[in-house]
Amino acid sequence: MSTEFDLMVIGSGPAGYVAAIRAAQLGLKTACVEKWKSAEGQGVNGGTCLNVGCIPSKALLDSSHKFEAAAHDYSRHGIGLDNLTIDVPAMLKRKQQIVEQLTGGISGLFKANGVTSIFGTGKLLASKQVEVTDFEGKTTTYSAKNVIIATGSVPIDIPPARVNQAEIVDSTGALEFQEVPERLGVIGAGVIGLELGSVWGRLGSEVVVLEALDKFLPAMDQEVSKEAAKVFKKQGLDIRMGCMVTGSNIKKGQVEVTYKEGDEEKTETFDKLIVCVGRRPFTDGLLADDCGVETDERGFISVDKHCATDVDGVWAVGDVVRGPMLAHKGSEEGVMVAERIAGQKAEMNYDLIPGVIYTHPEIANVGKTSQELREAGVEIKEGKFPFAASGRALASDDAVGFVKIIADARTDQVLGVHCIGPAAAELVQQGAIAMEFGSSAEDIGTMVFSHPTVSEAVHEAALAVNNHAIHIANRKKK
Ligand code: FAD
Ligand code: AMP
């Protein structure tokens, strides 16, 4: 027996579930297939983001930040705490409760919007048929006028350090350590490695991050990367650049890691090792040979700028297609595709996808970096405002970092906003809104900002672009 849907979405991560909800809002008969299973054998919606990604990592970052603040910062406020302890299972329980609240919320939203939720593994057949194998192994084939593939990504496993989720873990395993490892190795100084290294470092682990590249956070604005490297060093994260991991050995419950630094071969021993060397698009078992959908040489499903594949009516969104592997990028693609299926002319602005590292301080960016613009031959002007000059940041004991705004030297249009500091993710979003509307630095400078807020740093950085910041000395005019 086969049911026909206007739209079948395969995968219920932030790309898939958002697409399904938006499509149902627009009157399309929609189903969403998901293969995620809880430890109790129940189907769970929400994908990587809600189950083992954005949300649980932020829950642990928050818990560990509170612990670190209590251990090191509270005394400055006159707050004394004796015998500070960390109950790791309680911390993990809080994280899990948040995950369950949110994943349950997706199922609730599906019901409220009339999305049919189907648990099982989907496979795309020819002619937009989707075969679903449920958790008992029973197979049902559905047909659909449209299919959205939103099967996401999984951590990359590298031969020198094969994950066993005991001594050597991936990001998922690193959200489940039952106690604080004494010595923790992290392979990869990318976003996930820095966030997870920070979590356990704040709780007391001695953290060593081994990174193959010579340049730290190379895609970030270089002023921000430099500041970040200084801050992390001060926090005690031992980040070793130019160190390529070549092997690992488990000995008596510990991991001996071999790495090459230049021509020298070195070893380190850790209690746990987190492998954070990136993620790969996930299409294992998804595409029948005759389904017509192509993948590129790196395994991403090939799509055009509207996320359409080569097969009419088959689309792909989120981590499984080109572009940054970020939840909000996938969600907006999901909305765009749902609206296009419903006959609307939706577009998405790929130039303004913000990126955030949720360390403390946070690091965030939107738009172009100074180095990108200079390389492209664009003449730019820059304004920077340090949080050390922000009343609110000082009052909140959070005065590290700066906001940097880059504008076109001729037109004053804002081309990039970069921040390391308190609430950087929220501040950069203000820049994204301004940039979406083609704002100039002067436009931001003429707006009224509440006082005292850390947002005033955005105002002052915009003023600094044209040399009239009030609360710092401006560059001398040439
Ligand atoms: P996914 O979330 O991976 O969801 C895909 C879903 O498809 C999964 O549920 C999977 O089970 C299902 N699926 C796959 N194949 C099939 C099939 N054949 N049949 C049925 N179902 C299938 N991004 C941010 O923007 N901000 C952050 O702070 C952030 N933090 C992160 C922290 C960590 C530790 C990790 C690992 C990732 C983080 N990310 C973050 C990245 C973010 O999680 C991903 O970009 C996002 O989840 C991708 O969404 P998606 O819907 O494309 O795929
Ligand atoms: P990201 O892609 O942002 O998640 O970051 C992953 C990081 O892991 C990149 O900066 C890679 O250079 C790094 N990396 C990949 N393989 C190795 C390896 N064998 N040893 C050390 N670093 C690695």
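Could you order peptides 355-365, 11-21, 405-415 by the average number of other Cβ atoms within 10 Å of their residues, highest first?
Output ranking for 355-365, 11-21, 405-415: 11-21, 355-365, 405-415.
Neighbouring Cβ atoms within 10 Å as the yardstick, rank 221, 134, 284 fewest first.
284, 134, 221
Counting other Cβ atoms within 10 Å, keep those with at most 15, restrict to DSSP loop, and tell me which GluC sites (Glu not before Pro) in the stretch 139-180 are left.
In loop regions of the stretch 139-180 (DSSP not H, G, I, E or B), the sparsely surrounded GluC sites (Glu not before Pro) are 176, 179.
Run the numbers on the stretch 261-392 and let me know its relative contact order in percent, using alpha-carbon pairs under 8 Å that are six or more apart.
Relative contact order, the stretch 261-392: 11 percent.
Have a look at 273, 419, 161 and report the one farthest towards the positive end of the charge dipole of the chain, computed about the Cα centre with Cβ charges (Lys/Arg +1, Asp/Glu -1).
Working it through, the farthest residue towards the positive pole turns out to be 419.
Considering only DSSP beta bridges whose two residues both sit in the chain, what percent are antiparallel, to the nearest 5?
Once the DSSP bridges in the chain are tallied, antiparallel ones form about 65 percent.
When 200, 315, 36 are ordered from fewest to most other Cβ atoms inside 10 Å of their Cβ, what list results?
36, 200, 315
Considering only the stretch 168-277, what is the antiparallel percent among its DSSP beta bridges, to the nearest 5?
Rounded to the nearest five, the antiparallel share is 50 percent.
Determine ³J(HN,Hα), in whole Hz, for all residues of the stretch 72-82 in sequence, where each value follows from phi through the Karplus function 6.51 cos²θ - 1.76 cosθ + 1.60 and θ = phi - 60°; x replaces Gly and Pro.
Along the stretch 72-82, the couplings run 10, 9, 4, 4, 4, 8, x, 9, x, 9, 9 Hz.
Using a cut-off of 11 Å between beta-carbons, work out the net charge of the residues near residue 342 (Lys and Arg +1, Asp and Glu -1, residue 342 not included).
+1
Starting at 0 and stepping by 5 Å, how many percent of the alpha carbon pairs of the stretch 168-277 end up in each bin?
In whole percents, the pair-distance histogram is 2, 12, 25, 25, 20, 11, 4, 1, 0.
Any lysines with Cα under 24 Å of the residue 251 Cα? List them, leaving off those in the same chain fewer than 8 positions away.
260, 266, 272
When a footprinting reagent is the concern and you count Cβ atoms within 10 Å, what order do 32, 276 take, fewest first?
Least crowded to most crowded, the residues run 276, 32.
So for the pair residue 40, residue 413, with labels modelled 7 Å out along Cα→Cβ, what separation do we get in nm?
Placing both labels 7 Å along Cα→Cβ, they lie 5.4 nm apart.
Give me D for the stretch 353-465 in µm² s⁻¹, whole number, from Stokes-Einstein with Rh from the Kirkwood sum over alpha-carbon pairs, 25 °C and 0.890 mPa s.
Translational diffusion coefficient: 180 µm²/s.
Please state the shape class of the chain: rounded when a/c is under 1.5, otherwise prolate if a/b exceeds b/c and oblate if not, all from the C-alpha gyration tensor.
Judged from the Cα gyration tensor, the chain comes out oblate (a/c at least 1.5, b/c at or above a/b).
Residues with amide H under 5 Å of residue 146's amide H, sequence separation 5 or more or different chain, H placed in the peptide plane at 1.01 Å from N; which?
7, 8
Run the simple label-point estimate for residue 252 and residue 306 please: 7 Å along Cα→C-beta, distance reported in nm.
Each label point lies 7 Å from its Cα, and together they span 6.4 nm.
What nm value, rounded to one decimal, do you get for the distance between residue 296 and residue 437 when each label is placed 7 Å out toward the C-beta?
Each label point lies 7 Å from its Cα, and together they span 3.4 nm.
Sorting check: for 237-248, 85-96, which peptide has the highest mean count of neighbouring beta carbons within 10 Å, and how do the rest follow?
Highest to lowest by the protection proxy: 237-248, 85-96.
Hey, quick one: spin label on residue 172, modelled 7 Å out along Cα-Cβ, who in the stretch 290-320 has an amide N within reach, i.e. under 15 Å?
Hits in the stretch 290-320 for residue 172 at 15 Å: none.
Starting from the Cα gyration tensor of the stretch 72-120, take the square roots of the eigenvalues, sort them a ≥ b ≥ c, and report rounded, prolate or oblate (rounded when a/c is under 1.5, otherwise prolate if a/b is larger than b/c, else oblate).
Prolate, since a/c reaches 1.5 and a/b exceeds b/c.
Would you work out the relative contact order for the chain, in percent, from Cα pairs under 8 angstrom that are 6 or more residues apart?
Averaging sequence separation for qualifying contacts and normalising by length gives 14 percent for the chain.
Rule-based calculations on the coordinates, nothing more; no lab input. Everything quoted here is computed from the prediction, not taken from an experiment. With ideal geometry, Cβ positions are generated from the backbone for all residues, glycine too; neighbour counts draw on all protein chains shown.
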